[in-house]
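Novice: Sharing a structure with you now.
Taken together, the values in this text are just the output of simple stated rules run on the coordinates, not laboratory data. Predicted model, so just to flag it, every value in this text is computed and none were measured. Positions of Cβ are generated from backbone atoms using ideal geometry, with glycine treated the same way; all protein chains shown enter the neighbour counts.
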């Protein structure tokens, strides 16, 4: 959800530049079940526009109405939403509303934190009943520094606390620049991931041909920049050239992404890994365990768009440590309680 919070901060910053107030709505607690879990947020602008969502649509209308009093008073408040008879979910949401009034020091530190791919914490103080209360509000902890979202937070020792660790934005590196790479880029962008495209130096491609891409590199395999590859990074090799895939695999052998996808049949994967191990005999088991090939889930994909869906789905299942099954076959809750 880091990318959602990033988008909220970006839009709140733009609103401030245009002289518009904004209110942050944070789901901080839940009794029962709901469409999404605590930690999801949205932004309401003074002109009535909304950024993001905390449910399937019904809750947002009530949040818009409840935010009017926050705009008028600049005081944080709690609202509750009982979805048992309206959402089809047997749950009560507890939502913290607070005016956004962070300072430039936070903006600078926050975006530096994102660029350096450092985790941060969001700490919210709340009550489990509707109304205005002293000590409500959220802080962002970056390193050893705390930044108030509203600059009005007066800590109350009796308040409940919701703390959320926010990892770096999830990133997908697509090595390849053919039509299927374009489709994968689109779906990864829609999922909220940061996308980097790596093309060969002779392919004469540009970032304009990859909607949603954040970065484009044209380089030889040995020159690929792997500085920011971490456990919030997935890599898919799809150059359609065995030799290039092998060279890129060798080039990233010192990294530890959470997922490495190989396009093509099982025999191609086996041949690729066999030659790769000859070049890198000391490769770690952790690296090899992160290799998935053929990339994607078995959902009957045929078109490049469908293949992109299957690859994105597999990456999600690996990153979330979930075994893919039909939800209709799953016993108990859809989401775990953590």
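Novice: Quick check on the chain: helices-only [θ] at 222 nm, where DSSP H runs of length 4 and up contribute -39,500 (n - 2.57) each and the sum goes over total residues. Nearest 500, please. Provide the component values of the computation, followed by the final result.
Specialist: Numbers: 8 runs with 102 residues, N = 338.
Per the formula, -9500 deg cm²/dmol.
Novice: Sticking with this structure for a sec: Taking the mean number of other Cβ atoms within 10 Å as a proxy for protection, how do you rank 308-315, 198-205 from highest to lowest?
Specialist: Values: 308-315: 21.5, 198-205: 15.2.
Per-residue Cβ counts within 10 Å, averaged per peptide and sorted highest first, yield 308-315, 198-205.
Novice: Output the antiparallel fraction of DSSP beta bridges having both residues in the chain, as a percent to the nearest 5. Working shown, then result.
Specialist: Details: 41 of 61 bridges.
For the chain, the DSSP antiparallel bridge percentage is about 65.
Novice: What order do you get for 323-331, 182-190 when each peptide is scored by the mean count of other beta carbon atoms within 10 Å, highest first? Kindly include the intermediate steps, with their values, before the conclusion.
Specialist: On the way: 323-331: 7.2, 182-190: 20.3.
Averaged packing, sorted descending, gives the order 182-190, 323-331.
Novice: Can you give the log10 of the normalised intensity I(q)/I(0) at q = 0.09, 0.10 Å⁻¹, computed with Debye over equal Cα scatterers of region 2-166?
Specialist: Cα-only, vacuum Debye calculation for region 2-166: -0.27, -0.33.
Novice: Okay, next question. Would you mind classifying region 193-257 by shape? Square roots of the alpha carbon gyration tensor eigenvalues, ordered a ≥ b ≥ c; an a/c under 1.5 is rounded, otherwise it is prolate if a/b is larger than b/c and oblate if not. Mind showing how you got there, number by number?
Specialist: Numbers: a/c = 1.81, a/b = 1.09, b/c = 1.66.
Because a/c hits 1.5 or more and a/b fails to exceed b/c, region 193-257 counts as oblate.
Novice: Please compute the contact order of region 145-242 in relative form: average sequence separation of alpha-carbon pairs under 8 Å and at least six residues apart, divided by the residue count, as a percent.
Specialist: Details: 126 pairs, mean separation 30.9, N = 98.
This gives 32 percent for region 145-242.
Novice: Suppose R0 equals 35 Å; then what is the FRET efficiency for residue 286 and residue 243 from their Cβ-Cβ distance, rounded to the nearest 0.05? Can you show the working numbers first?
Specialist: Details: r = 26 Å, r/R0 = 0.73.
About 0.85, to the nearest 0.05.
Novice: Multiply the residue separation of residue 302 and residue 317 by 0.36 nm, subtract the distance between their alpha-carbon atoms, and state the gained length in nm to one decimal. Let's see the in-between values first.
Specialist: Details: separation 15, 0.36 × 15 = 5.40 nm, distance 2.04 nm.
Here the segment from residue 302 to residue 317 would lengthen by 3.4 nm.
Novice: Largest first, please: the extent of the C-alpha atoms of region 250-319 along each principal axis, to the nearest Å.
Specialist: 36, 25, 16
Novice: Follow-up. How big, on average over all directions, is the shadow cast by the Cα convex hull of region 1-69, in nm²?
Specialist: Values: hull surface 18.7 nm².
So the mean shadow area of the Cα hull is 4.7 nm².
Novice: How large, in Å, is the chain by the Kirkwood hydrodynamic radius built from its alpha-carbon pairs?
Specialist: On the way: mean 1/r = 0.0453 Å⁻¹.
About 22.1 Å for the chain.
Novice: What angle do you read, to the nearest 10 degrees and between 0 and 90, between the alpha-carbon axis of helix 266-279 and the longest principal axis of the chain?
Specialist: 80
Novice: What shape does region 171-319 have by the C-alpha gyration tensor, where a ≥ b ≥ c are the square roots of the eigenvalues, rounded means a/c under 1.5, and otherwise prolate means a/b greater than b/c and oblate the rest? Before the final figure, lay out the partial values.
Specialist: Details: a/c = 1.41, a/b = 1.18, b/c = 1.19.
Rounded.
Novice: May I pose another question? Find the Rg to Rh ratio for region 74-230, where Rh is the Kirkwood radius over alpha-carbon pairs and Rg uses the same atoms. Write down the numbers at each step before the final one.
Specialist: Working: Rg = 21.3 Å, Rh = 18.9 Å.
That ratio is 1.13, to two decimals.
Novice: Another one. Relative contact order, percent, of the chain when contacts are C-alpha pairs under 8 Å separated by at least 6 residues?
Specialist: Details: 628 pairs, mean separation 37.1, N = 338.
It comes to 11 percent, rounded to a whole number.
Novice: Moving on to the next point. So for region 71-225: antiparallel DSSP bridges make up what percent, rounded to the nearest 5?
Specialist: Numbers: 24 of 33 bridges.
In region 71-225, approximately 75 percent of DSSP beta bridges are antiparallel ones.
Novice: Quickly rank 110-122, 254-266 as a protection proxy: mean count of other C-beta atoms within 10 Å, highest first. It would help to have the intermediate numbers written out before the result.
Specialist: Working: 110-122: 15.5, 254-266: 18.4.
By packing density, highest mean first, the sequence is 254-266, 110-122.
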